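Report on the following structure.
The values are calculated or read from the model by the stated rules, or taken from the named source; none is laboratory data. Nothing here was measured: the structure is a model prediction, and the numbers come from that model. Here the Cβ is made from the backbone with ideal geometry for all residues, glycine too, and neighbour counts use every protein chain on show.
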Amino acid sequence: MALVICPECNKKISQYTENCPGCGFPLKTFIEENNFSNITGVLICPKCAKMYDGWNIRYGLPQNLKCEYCNTTLVQTDENTEEVYKLGANLPDDEFNEKCIELAIKYGKNKFDYNANQYMLKKCSENIQNFIKKCEAEQQASCQQSIPKCPKCGSTAVESAQRGYSLITGFFGSGKTMNYCKNCGYKWNPGR
């Protein structure tokens, strides 16, 4: 069973659902009317040439039935999923886009629109850049959380060292690690 995205409300539902439980959209009728005989195969947007190669289904992700960029109903192709995936992985972006345009023209009954294609490419690029920025921000936040800070003054000029000998306790606990703030001189146990 594959999951699809409801063309009406964008909920994830089974491809075999008669009507979307979220909005009542007649999914079964929509699939039949648009000749989606193999939604796990290669689908393409006839307007902007966005390729949906079916690989997302292998990872449990839902398949779109309408283009996420121009809301056009996708069309079924006879293309081989593995071959299309390899093309996408091996060709430069502009050459792969040309291949997608060829398929959109071949299967799309003259619905291809160059401006819609350029808009889709721009949005894809923005989505990738936003994803990269999000990952970098999460990584930076994770790194900042692991940097020790002085609980007294907030400085990150912290040094870890063995506690050493004390006049009060002698050598008892001398092997324990202590944090020492180089800014204010405060000492504390690392577990605090």
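Checked against (1) within 19 Å of LYS12 (Cα to Cα); (2) surrounded by fewer than 16 Cβ atoms within 10 Å (Cβ to Cβ); (3) charged (D, E, K, R), LYS66 meets all criteria but (2). Here is a check on your reading of the model: is ASN71 surrounded by 14 or more Cβ atoms within 10 Å (Cβ to Cβ) and either in a loop (DSSP other than H, G, I, E, B) or under 21 Å from the mean Cα position of the chain (by Cα) (or both)? Considered against the rule, which asks whether it is surrounded by 14 or more Cβ atoms within 10 Å (Cβ to Cβ) and either in a loop (DSSP other than H, G, I, E, B) or under 21 Å from the mean Cα position of the chain (by Cα) (or both), ASN71 comes out as no.
Would you check if there is a residue in segment 4-23 being aromatic (Phe, Trp, Tyr) and surrounded by 15 or more Cβ atoms within 10 Å (Cβ to Cβ)? Scanning segment 4-23, I find no residue that is aromatic (Phe, Trp, Tyr) and surrounded by 15 or more Cβ atoms within 10 Å (Cβ to Cβ), so the answer is no.
The single condition among (1) assigned to a loop (DSSP other than H, G, I, E, B); (2) surrounded by fewer than 18 Cβ atoms within 10 Å (Cβ to Cβ) that GLU79 does not satisfy is (2). Could you list, in sequence order, the residues of segment 19-35 that are in a loop (DSSP other than H, G, I, E, B) and either in contact with a Leu (Cβ under 7 Å, 6 or more places away or on another chain) or among the basic types (Lys, Arg) (or both)? Correct list: ASN19, CYS20.
Of the residues contained in segment 95-113, one or more are found to be at positive phi, assigned to a loop (DSSP other than H, G, I, E, B), in the same structural domain as PRO26 (by TED's automatic domain parsing) and over 20 Å from the mean Cα position of the chain (by Cα).
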